[in-house]
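Novice: What follows is a structure written as structure tokens; I'll ask about it next.
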Amino acid sequence: SSKTFWTTTGMFPQELIIGFPKCVKINKVAIQCYLVRTLRIERSTSKDPVGFEQCIEKDLQHREGQLQMEEFPLPEFQATYLRFIIKSAFDHFVSVHRVMAEG
């Protein structure tokens, strides 16, 4: 829902994990967030959310009063879990409004 979002507690790093019912092929991950400075995406192909490996780390551009919309192409990429780590922010609190994985 575009009316809901996940927000941080004010300290960093913060993380959220998204799990799939089984290991899936993903071609692209997109995220809509607000006030995120540095984002890292990691993946796990394990049955449980362990053994994560870093896939992407990026400094996002600050957009005052607007959502940040970032897409990350991931060719030949498989995952059972995706972990999004917000390493730093432009303010004390940030929000994640949507995460999309296409495959």
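Novice: Amide H to amide H under 5 Å from Val94: which residues, 5+ apart in sequence or cross-chain, H placed 1.01 Å off N in plane?
Specialist: Close amide H contacts, sequence-distant or interchain: Thr8, Gly10.
Novice: Rank these residues by their accessible area, most exposed first, probe 1.4 Å: Ser95, Ser46.
Specialist: Ser46, Ser95
Novice: Moving on. Amide H to amide H, which residues 5 or more places from Ile56 or on other chains are under 5 Å from it, using H placed in the peptide plane?
Specialist: Ile41
Novice: Still on this model: Rounded, prolate or oblate: which fits the chain, taking a ≥ b ≥ c as square roots of the Cα gyration tensor eigenvalues, rounded meaning a/c under 1.5, else prolate when a/b beats b/c? Walk me through the intermediate numbers first.
Specialist: Details: a/c = 1.83, a/b = 1.62, b/c = 1.12.
Since a/c reaches 1.5 and a/b is larger than b/c, the shape of the chain is classed as prolate.
Novice: Within 11 Å, Cβ to Cβ, of Thr38, how many net charges do the neighbouring residues add up to if Lys/Arg are +1 and Asp/Glu are -1?
Specialist: +2
Novice: Let me ask another. Select from Gly51, Met69, Val29 the residue farthest towards the positive end of the dipole of segment 12-102; place +1 on Cβ of Lys and Arg, -1 on Cβ of Asp and Glu, and compute about the Cα centre.
Specialist: Gly51
Novice: Hey, got the dipole for the chain? About the Cα centre, +1 on K and R Cβ, -1 on D and E Cβ, debye to the nearest 20?
Specialist: 240 debye
Novice: Can you work out the Karplus-derived ³J(HN,Hα) for every residue in segment 17-24? Use 6.51 cos²θ - 1.76 cosθ + 1.60 with θ = phi - 60°, whole Hz, and x for glycine or proline.
Specialist: Result, ordered by residue: 10, 10, x, 10, x, 8, 5, 10 Hz.
Novice: For the chain, what does the accessible surface come to per residue with a 1.4 Å probe? Please give it in Å².
Specialist: Value for the chain: 61 Å² per residue.
Novice: So what's the net charge close to Val94: Lys and Arg +1, Asp and Glu -1, counting the other residues with Cβ under 15 Å from its Cβ? The partial results should precede the final answer.
Specialist: Values: positive: Arg37, Arg40, Lys58, Arg63, Lys87, Arg98; negative: Glu15, Asp59, Glu64, Glu70, Asp91.
Neighbour charge sum, excluding Val94 itself: +1.
The values are calculated or read from the model by the stated rules, or taken from the named source; none is laboratory data. Please read these numbers as outputs of a predicted model, since none were measured by experiment. Every residue, glycine among them, receives a Cβ derived from its backbone with ideal geometry; neighbour counts consider all protein chains shown. Remember, those area values only see protein heavy atoms, side chains included, never the ligands or the DNA or RNA. Shrake-Rupley method; radii C 1.70, N 1.55, O 1.52, S 1.80 Å.
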